[in-house]
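Colleague: Just dropping this structure here.
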Amino acid sequence: MHVVILGSSAGGGLPQWNCRCPICSLARAEPGRVRPRTQSSIAVSADGESWLLVNASPDIRQQFNDTPALHPREGLRHSPMKAVLLTNGDVDHVAGLLTLRESQPYTLYATGGILGSVGDNRVFDVMAAGIVRRTAIRLDDPFEPVPGLSVTLFAVPGKVPLWLEEEAVELGAESETTVGAMIEAGGRRLAYIPGCARVTDGLKARIEGVDALLFDGTVLHDDDMIRAGVGTKTGWRMGHVPMRGEGGSIDALADVALGRRIFVHINNTNPVLVEESPERADVEAAGWTVAHDGLSLSL
Ligand code: MLT
Ligand code: MN
Ligand code: ZN
């Protein structure tokens with residue numbers, strides 16, 4: 001299985017267009033100390049020919065241009081990307097669908113709930129009916145989006161997308177709105193979970209033994225955004241489990257047998273983004289990799 005992390009940052013990217021926090025400022029001034037990163041997306045293939053895009057970020061155009069495996073290969077119009085899968089309806093995971101128009105056939109997969117949010121918004125009709133097929137996937141029901149790749153979606157604790165929030169928001173609900181993807185090829189398994197509010201026993205059992213886990217690395221501590229002075233929301237309020245602190249993912253997953261442990265969907269306020277920082281050293285000492293754009297895995 002070939003895996004390319006196209007974008008390792010959370011919504012906003014790094015640097016975020018309007019942000020002068022220390023980490024965004026470093027990404028502009030000293031990219032050797034903080035690597036700039038694009039928004040959350042990966043590409044996966046069993047054969048290196050047909051690719052599944054998991055989440056379509058607002059930076060998709062740059063990500064495709066930066067990834068030769070995704071360049072057109074034949075005729076005048078072509079893409080090795082044959083299918084797109086969404087793990088939630090967040091802007092950083094769906095806005096790129098607006099770029100994937102231009103009469104290119106592919107299939108869009110998501111749970112009925114996520115597909116419904118996309119379908120309710122007419123701007124997404126730029127993915128023309130008859131060219132882009134939309135297929136609803138049931139949880140725990142394996143499907144084959146591209147040859148040789150088997151994918152199973154499962155619910156993880158989360159919440160509705162920010163743009164669909166009403167006055168009362170249910171936090172940590174396990175439903176179709178936030179899912180993880182178990183991706184299998186040739187006996188190898190990848191678990192991709194870019195958004196997750198809490199590590200549960202069910203989740204641990206689900207991912208036990210995978211060859212690689214790509215997991216929600218939005219915040220280091222629940223109050224990262226508050227510490228950085230850029231907001232009032234906790235990780236929990238945003239649907240993201242912290243790496244460290246109470247309920248932190250590093251400790252919660254420490255006793256689960258996993259191949260590689262890689263943080264993705266990293267918010268620009270997370271101190272682990274700073275190379276050679278004590279925070280980066282701490283998560284690496286715990287066995288985790290902090291993803292950067294273009295990081296590839298062969299499983
Ligand atoms: C998130 O991951 O929490 C969302 O991407 C936030 C957002 O939609 O801006
Ligand atoms: Mn996000
Ligand atoms: Zn910032």
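Colleague: Taking 25 Å as R0, compute the FRET efficiency from the Cβ-Cβ separation of LYS233 and LEU139 and round it to 0.05. Display every interim value, and only then the final one.
Modeller: Values: r = 28 Å, r/R0 = 1.11.
Rounded to the nearest 0.05, the efficiency is 0.35.
Colleague: How large is ³J(HN,Hα) for each residue in the range 196-207, as worked out from phi by the Karplus curve 6.51 cos²θ - 1.76 cosθ + 1.60 (θ = phi - 60°), to whole Hz, x for Gly and Pro?
Modeller: 7, 8, 6, 8, 9, 4, x, 5, 4, 5, 4, 9
Colleague: Taking only C-alpha pairs under 8 Å that are 6+ residues apart, what is the relative contact order of the range 3-78 in percent?
Modeller: Working: 99 pairs, mean separation 22.6, N = 76.
RCO, the range 3-78: 30 percent.
Colleague: Please work out the C-alpha center-to-center distance from the range 256-277 to the range 179-245 and express it in whole Å.
Modeller: Centre-to-centre distance over Cα atoms comes out at 10 Å.
Colleague: Quick one: which residues, 5 or more positions from ARG260 or on another chain, have an amide H under 5 Å from its amide H? H modelled 1.01 Å from N in the peptide plane, none for Pro or chain starts.
Modeller: ALA212, LEU213
Colleague: Please sort by residue number the trypsin sites (Lys or Arg not before Pro) in the range 1-56 whose DSSP state is loop and whose Cβ has at most 11 other Cβ atoms within 10 Å. Walk me through the numbers before you get to the answer.
Modeller: Details: sites: ARG20, ARG28, ARG33, ARG37; in loops: ARG20, ARG33.
Taking the range 1-56 and a limit of 11 other Cβ atoms within 10 Å, the loop trypsin sites (Lys or Arg not before Pro) found are ARG20.
Colleague: Now for a different question. How big is the shadow of the Cα convex hull of the chain, averaged over all directions, in nm²?
Modeller: Numbers: hull surface 59.2 nm².
For the chain, averaging the hull's shadow over all directions gives 14.8 nm².
Colleague: Could you give each residue of the range 102-109 its phi-based ³J(HN,Hα) in whole Hz, using Karplus coefficients 6.51, -1.76, 1.60 with θ = phi - 60°, and x for Gly or Pro?
Modeller: So the J values, rounded to whole Hz, are 6, 6, 9, x, 6, 10, 9, 10.
Colleague: Go from 0 up to the bin containing the longest alpha carbon distance in the range 175-265, width 5 Å each, and give me the % of pairs per bin.
Modeller: That works out to 3, 14, 25, 25, 16, 10, 5, 2, 1, 0, in percent per bin.
Colleague: Another question about this same structure. Would you please give the residues with an amide H less than 5 Å from that of LEU6, counting only those at least 5 places away or on a separate chain, with H modeled from the backbone geometry?
Modeller: SER41, ILE42, ALA43, GLY294
Colleague: Using a 1.4 Å probe on the protein heavy atoms only, what accessible surface does ASP282 show? Give it in Å² to the nearest 10.
Modeller: Spelled out: ASP282, probe radius 1.4 Å, area about 60 Å².
Colleague: Which of VAL126, VAL274, VAL264 moves the most in a Gaussian network model of the chain with Cα springs under 10 Å?
Modeller: Largest GNM mean-square fluctuation: VAL126.
Colleague: Please check: in the Gaussian network model of the chain (C-alpha springs, under 10 Å), which one of GLY180, GLY235, GLY32 has the largest mean-square fluctuation.
Modeller: GLY32
Colleague: Per DSSP H run of n ≥ 4, the term is -39500 (n - 2.57); total these for the chain, divide by its residue number, and report the mean residue ellipticity at 222 nm rounded to 500 deg cm²/dmol.
Modeller: -4000 deg cm²/dmol
Colleague: Show me, for the range 266-271, the HN-Hα J-couplings you get by feeding each phi into the Karplus relation (A = 6.51, B = -1.76, C = 1.60, θ = phi - 60°), rounded to Hz, glycine and proline as x.
Modeller: Coupling constants for the range 266-271: 9, 6, 5, 8, 7, x Hz.
Colleague: Out of ALA181, ALA286, ALA168, any idea which swings most in a Gaussian network model of the chain, alpha carbons joined below 10 Å?
Modeller: Answer for the Gaussian network model of the chain: ALA168.
Colleague: How long is the range 1-133 along each principal axis, judged by its Cα atoms, biggest number first, in Å?
Modeller: 47, 34, 27
Colleague: Same structure, new question: Leaving ligands, DNA and RNA out of it, rank LYS233, LYS159 by accessible area with a 1.4 Å probe, largest first. Each step should come with its number before you reach the end.
Modeller: Working: LYS233 70, LYS159 30 Å².
The most accessible residue leads, giving LYS233, LYS159.
Colleague: Work out, step by step, the length gained on full extension between SER277 and LEU162: first 0.36 nm times the residue separation, then minus their alpha carbon distance; give nm to one decimal.
Modeller: On the way: separation 115, 0.36 × 115 = 41.40 nm, distance 3.09 nm.
My answer for the length gained is 38.3 nm.
Colleague: Could you calculate the FRET efficiency of ALA128 with ARG28 from 1/(1 + (r/R0)^6), where r is the beta carbon distance between them and R0 is 35 Å, rounded to 0.05? If you can, show how the numbers build up before the last one.
Modeller: Details: r = 38 Å, r/R0 = 1.09.
Efficiency for this residue pair is about 0.35.
Colleague: Hand me the GluC sites (Glu not before Pro) from the range 91-174 located in a DSSP loop with no more than 16 other Cβ atoms within 10 Å, in residue order please.
Modeller: Details: sites: GLU102, GLU165, GLU166, GLU167, GLU170, GLU174; in loops: GLU102, GLU165, GLU166, GLU167, GLU170.
For GluC sites (Glu not before Pro) across the range 91-174 that sit outside H, G, I, E and B with at most 16 neighbouring Cβ atoms in 10 Å, the list reads GLU102, GLU165, GLU166, GLU167, GLU170.
Colleague: If you roll a 1.4 angstrom probe over the protein chains with everything in place, what fraction of the accessible area of the chain belongs to carbon and sulfur, to the nearest %? The partial results should precede the final answer.
Modeller: Numbers: 6270 of 12710 Å².
Using a 1.4 Å probe with all protein chains present, the chain comes out at 49 percent carbon and sulfur.
Colleague: Follow-up question, since we're still on this one. With every protein chain kept in place and ligands, DNA and RNA left out, what is the accessible area per residue of the chain? Probe 1.4 Å, answer in Å². Can you show the working numbers first?
Modeller: Details: 12710 Å² over 299 residues.
Each residue of the chain exposes 43 Å² on average to a 1.4 Å probe.
Colleague: Once label points are set 7 Å from the Cα along Cα→Cβ at both ARG20 and ILE226, what is their separation, rounded to one decimal in nm?
Modeller: 2.5
The values are calculated or read from the model by the stated rules, or taken from the named source; none is laboratory data. Everything quoted here is computed from the prediction, not taken from an experiment. Every residue, glycine as well, gets a Cβ built from its backbone with ideal geometry; the counts of neighbours run over all protein chains shown. To get the accessible areas, we keep the full protein, side chains included, count just its heavy atoms, and leave off ligands, DNA and RNA. Shrake-Rupley method; radii C 1.70, N 1.55, O 1.52, S 1.80 Å.
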